[in-house]
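Here the structure is laid out as structure tokens; the discussion comes afterwards.
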Amino acid sequence: MDSLASVKCSSYEIVEPSLTRKHISYYTPDGNVVIQVQDTLFKLDLSVLHAKSPVFRSIVPPVYAGKTRLLGFNDQHPFQLPEVSEIDFTRLLSVIYPL
């Protein structure tokens, strides 16, 4: 059996949450969007991402009252960035969210 359990969907792949880990600095309890980069989960404030990055505004949909997002709302259904490495994403977040 394949060591990476996953389910293929039309334009994304859902990776089994037990195979992921939470980033020590950028998985925040008050975040409202979960993003997976490689095997790492990041839980961030979507309004900050949208305010600081036009790219995030275009690829991560906003939260609308009364509407449920299909991706990015919890660890089991993260919004995935398959073309980005964890180290590059962490470096970007260090600019957006200086610690």
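The values are calculated or read from the model by the stated rules, or taken from the named source; none is laboratory data. These numbers come from a predicted model, not from an experiment. Virtual Cβ from ideal backbone geometry, glycine too; neighbours counted across all protein chains shown.
Note on region 82-99: residues that are of a type outside the set (Phe, Trp, Tyr) and closer than 17 Å to Asn32 by Cβ total 2.
At least 1 residues being modelled with pLDDT under 90 and surrounded by fewer than 11 Cβ atoms within 10 Å (Cβ to Cβ) is the threshold, and among the strands (runs of 3 or more DSSP E) wholly inside region 4-99 those reaching it are 6-8. Restricting the first member to region 16-35 and to residues that are of a type in the set (Asp, Glu), and the second to residues that are at pLDDT 90 or above and assigned to a loop (DSSP other than H, G, I, E, B), the beta-carbon pairs closer than 9 Å and six or more apart or on different chains are Glu16/Gln76; Asp30/Asp45.
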